[in-house]
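Below you'll find the structure, written out as structure tokens, and then a few comments.
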Amino acid sequence: MAFQAPKGTYDVLPGSGFLAVRDGLLAPAELAGYSYIESPVFEDTELFARGVGASTDVVSKEMFTFTDRGDRSLTLRPEGTAGVVRAVLQHGLHHGQLPVKLRYAGPMFRAERPQAGRFRQFQQSGIEAIGLVDPALDAEVVALAWEGFRSLGLTGVRLLLTSLGDPTCRPAYREELTAFLTGLDLDEATRARVLINPLRVLDDKRESVQKQLAGAPLMPDRLCADCKAHHDAVIEGLQSLGVPFEPAPRLVRGLDYYMRTTFEFVHDGLGAQSAVGGGGRYDGLSEAIGGPHLPGIGWALGIERTLLALESEGITPPSEKGLDVYVVSLGVMAKAWAVTAVGAFRKAGVASDLAYGDRGLKGAMKAADRSGARWAVVVGDRDLEAGVAQLKDLRNGDQLAVPLAELTPTVLEKLA
Ligand code: AMP
């Protein structure tokens, strides 16, 4: 084989269920008024440096950055929120009705070490609700992801929820946590992390670290009055929407811009890469990228891991609709007729194809069987002269002669 897909990438192949998952995850959001937006897959590098945070792993180690022919530094987007907020600001969408509700889907790029469920080009479905602070909106956003997973039939997704506080309460907490962590017996790399982002240390998976973290101060216990009231209201909102969650006081996110409501969806059937999605409130993001104060909340769900979660629950996501009819023709006139017949079927909304190439009746019937179509329409030159076609049920082999003029209505009737 000449070439292979680059390391950490993969091909979405027919029958994967990819589209059903990508779009299914967003279907509840569409019903809740989230409009589709699509921003470029590359942006000014600075957008991510400021909008995601220069100290994050994503920005400092994982970006695909390149210089274009005009010497501009561009980066393949590692996540969707910064680009969407940039688009909102650029086009003044926030001057209209608030919140601006948006949904998106597409590839993201991170130069991570590939492993099961971790790719360098991966796909996310996401939503953003921009312009308002309202705990009821937080609850809606979280619930829409929950419903997205449920609508695919998944039952093993767990919602982890916490609040990361805000600029009123987080700095004091951060100081308290730093003081606590400084007193522990940590290796040099971890001590360095304490100084850059102490919250991330709480997420350290190593037992030697976790053991020492038992008595660490936790953000949810240190929230200011406003953050506490907000968090309590989000919890109430989720309860009234019937969305179960687990308090996760040690949850931190890889991206810097989160504050207050922060959440992750995990699935236990996935091994190490158990997060199937995550999100949170990012009230400081707009200002960080040079815009006005513009709060927002959103999530992004990973399509590949959602597909893996489905597989682990034994669920086959629906593939594309497939063919209803496969037309097999014998003879020159019949072939010409088949081409028009397929055109008429398609116009009427009947998914149809025909046997191209010259493969004889036997080969063409085999192709009909393989096509997955429900019916074959078989026509020879003699049938044409008689004004009929043979409609064959490919499941049971039943066959009946149908007048040509009644072919499309007959198939439509059988499909109804
Ligand atoms: P994040 O933007 O890091 O919050 O990621 C949101 C979701 O995207 C995660 O929960 C994963 O499901 C998915 N995801 C993130 N990074 C990758 C990756 N490298 N490969 C596959 N999926 C990913």
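For first residues located in the stretch 108-120 and touching a residue at least 24 places away in the same chain (Cβ under 8 Å), partners that are aromatic (Phe, Trp, Tyr) and more than 7 Å from the ligand (Cβ to nearest atom) and lie 6+ apart or on another chain with Cβ distances below 8 Å form the pairs Phe109/Phe64; Arg110/Phe64; Ala111/Phe64; Phe119/Tyr10; Arg120/Phe64; Arg120/Phe109.
Scanning the stretch 109-132 for residues that are of a type in the set (S, T, N, Q), within 28 Å of Pro292 (Cα to Cα) and more than 7 Å from the ligand (Cβ to nearest atom) returns a single hit, Ser125.
Of all residues in the stretch 11-36, those satisfying the criterion of being hydroxyl-bearing (Ser, Thr, Tyr) and surrounded by 15 or more Cβ atoms within 10 Å (Cβ to Cβ) are Ser16, Tyr34. Scanning the stretch 254-282 for residues that are assigned to a loop (DSSP other than H, G, I, E, B) and either in contact (Cβ under 8 Å) with a residue 40 or more places away in the chain or away from the ligand (no atom under 15 Å from the Cβ) (or both) yields Gly254, Leu255, Asp256, Tyr257, Tyr258, Asp268, Gly269, Leu270, Gly271, Ala272, Gln273, Tyr282.
For the stretch 189-224, the tally of residues that are part of a helix (DSSP H, G or I) and touching a residue at least 12 places away in the same chain (Cβ under 8 Å) stands at 14.
Is it the case that the stretch 233-256 has a residue that's modelled with pLDDT under 95, touching a Lys or Arg at 6+ places or on another chain (Cβ under 7 Å) and crowded, with 19+ Cβ neighbours inside 10 Å? Within the stretch 233-256, one or more residues are modelled with pLDDT under 95, touching a Lys or Arg at 6+ places or on another chain (Cβ under 7 Å) and crowded, with 19+ Cβ neighbours inside 10 Å. Name the residue that is nearest to the ligand (Cβ to nearest atom), counting only residues in the stretch 289-307 that are farther than 18 Å from Gly156 by Cα and crowded, with 24+ Cβ neighbours inside 10 Å. Of everything passing the filter in the stretch 289-307, Trp299 is nearest to the ligand (Cβ to nearest atom).
Leu285 passes every criterion in (1) within 30 Å of Leu308 (Cα to Cα); (2) within 16 Å of the ligand (Cβ to nearest atom); (3) at pLDDT 90 or above; (4) surrounded by 13 or more Cβ atoms within 10 Å (Cβ to Cβ) apart from (1).
Of note, Asp381 does not satisfy the criterion of being of a type in the set (D, E, K, R), surrounded by fewer than 13 Cβ atoms within 10 Å (Cβ to Cβ) and farther than 18 Å from Phe345 by Cβ.
The values are calculated or read from the model by the stated rules, or taken from the named source; none is laboratory data. Just so it is clear, the model here is predicted, and its values are computed rather than measured. Using ideal geometry, Cβ is built from the backbone for each residue, glycine included, and neighbour counts are taken over all protein chains shown.
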